[in-house]
Amino acid sequence: MEYLDFELPIKELEDQLDKCEIIGLESDVDVTNTCKQIEKKLEETKRKIYKNLTAWQRVQLSRHPNRPYTLDYINAICGDSFLELFGDRGFKDDKAMIGGLGKIDGQSFMIVGQQKGYNTKTRQYRNFGMANPEGYRKALRLMKMAEKFGIPVVTFIDTPGAYPGLEAEERGQGEAIARNILEMCRLKVPIICVIVGEGASGGALGIGVGDKVLMMENTWYSVISPESCSSILWKSWEYKEQAAEALKLTSADMKKQKLVDDIIPEPLGGAHYDRDTTFKTVQQYITKSFNELKDLSTSKLLEQRMDKYSKMGEYKE
């Protein structure tokens, strides 16, 4: 288990507990009471830390290397029913964007999401979860296929942003994302979006327009990352914590501003502390959201979706 800076007090107590248990096993000394005291202090410390997280600390948790990624959710929730589909039928298959058909609680879904890597090799293979235009075009192709056959769509969002390289811009990165936003607004099947990690910029919006947008407790959703915001406003990354607070990017902030529909709770410490519980909770929220949408007529579904996004933000005429 890897620990973030603010989690070091937890690491120290867990190390003490391990040593205490080893002493108990290797000697005749009864350390039961001591272990219980450490366990109690460990639980109190965890609750104190995780119940009072700053915006920047939640950003750090969303990037935790042990945190489950899109394929982890798909494999856990869909099992063997998931059939991955490839390619945008125009340029190539983007490994940062995955998609395919799968069943959740017996209901077929078209599932699309960004995938990050677990080590240096897979991170390069997945381009760090940053999709190229062909990734967004593949996502749109799959969503249009789902529409053709009346299959609802689920998207898993976890990206530091769309790939900003020269070749991506040459192939129309902005157009690809804008096209996805337009088409998702008028897609004639239910769309459920789940932010499972980082939800950054247009890279997230490219698969983020939905009838239900769910956000996990320790994730963030914003037009820009705290580091980039800091570098633009203060010409330095040193103010990233201040930028994170100012951006109002946490799940609680998003829910308060009515930019997301619901917050999915995570186990104490984050999704990586208890993966099984996390997967079950996400599955329950997806099923619940679909049950709320499945009986709506196509016209009512589109009307509610357009009305929802039309009300976002403040403006004066």
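Okay, here's what the table says:
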{"quantity": "Only one of Ala162, Ala146, Ala168 that is in a loop (DSSP other than H, G, I, E, B) and either of a type in the set (Gly, Ala, Ser) or within 12 Å of the chain's Cα centre (by Cα) (or both)", "calculated": "Ala162"}
{"quantity": "Qualifying residues in region 95-121 (those that are part of a loop (DSSP other than H, G, I, E, B) and not acidic (Asp, Glu)) - the one surrounded by the fewest Cβ atoms within 10 Å (Cβ to Cβ)", "calculated": "Gly106"}
{"quantity": "Failed condition for Gly313, given (1) surrounded by 12 or more Cβ atoms within 10 Å (Cβ to Cβ); (2) assigned to a loop (DSSP other than H, G, I, E, B)", "calculated": "(1)"}
{"quantity": "Exclusive hit being outside any loop (DSSP other than H, G, I, E, B), in contact with a strand residue (DSSP E or B) (Cβ under 7 Å, 6 or more places away or on another chain) and at pLDDT 95 or above, set Ala131, Ala139", "calculated": "Ala139"}
{"quantity": "Meets criteria (open to solvent by less than 50 Å² (accessible area, probe 1.4 Å) and either out of contact with any Pro (no Cβ under 6 Å at 6 or more places or on another chain) or assigned to a loop (DSSP other than H, G, I, E, B) (or both)) for Leu296", "calculated": "no"}
{"quantity": "Any hit, region 79-89, residues being over 21 Å from Arg126 (Cα atoms) and not charged (D, E, K, R)", "calculated": "yes"}
{"quantity": "Output for region 1-28, where each listed residue is among the aliphatic types (A, V, I, L, M), closer than 25 Å to Val59 by Cβ and either part of a helix (DSSP H, G or I) or over 33 Å from the mean Cα position of the chain (by Cα) (or both)", "calculated": "Leu8, Ile10, Leu13"}
{"quantity": "Residues of region 271-293 satisfying the condition of being polar (S, T, N, Q), in contact (Cβ under 8 Å) with a residue 40 or more places away in the chain and open to solvent by 20 Å² or more (accessible area, probe 1.4 Å)", "calculated": "Gln283, Thr287"}
{"quantity": "Helices (runs of 4 or more DSSP H) (entirely within region 29-94) containing at least 1 residues that are open to solvent by 30 Å² or more (accessible area, probe 1.4 Å) and free of Cβ contacts under 8 Å to residues at least 12 places away in the same chain", "calculated": "32-50, 70-78"}
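The values are calculated or read from the model by the stated rules, or taken from the named source; none is laboratory data. Fair warning: this is a prediction, and the values are worked out from it, not measured in the lab. Cβ sites come from the backbone with ideal geometry, for glycine too, and all protein chains shown count toward neighbours. Heads up: the accessible areas ignore ligands, DNA and RNA and are worked out on the full protein's heavy atoms, side chains in. Shrake-Rupley method; radii C 1.70, N 1.55, O 1.52, S 1.80 Å.
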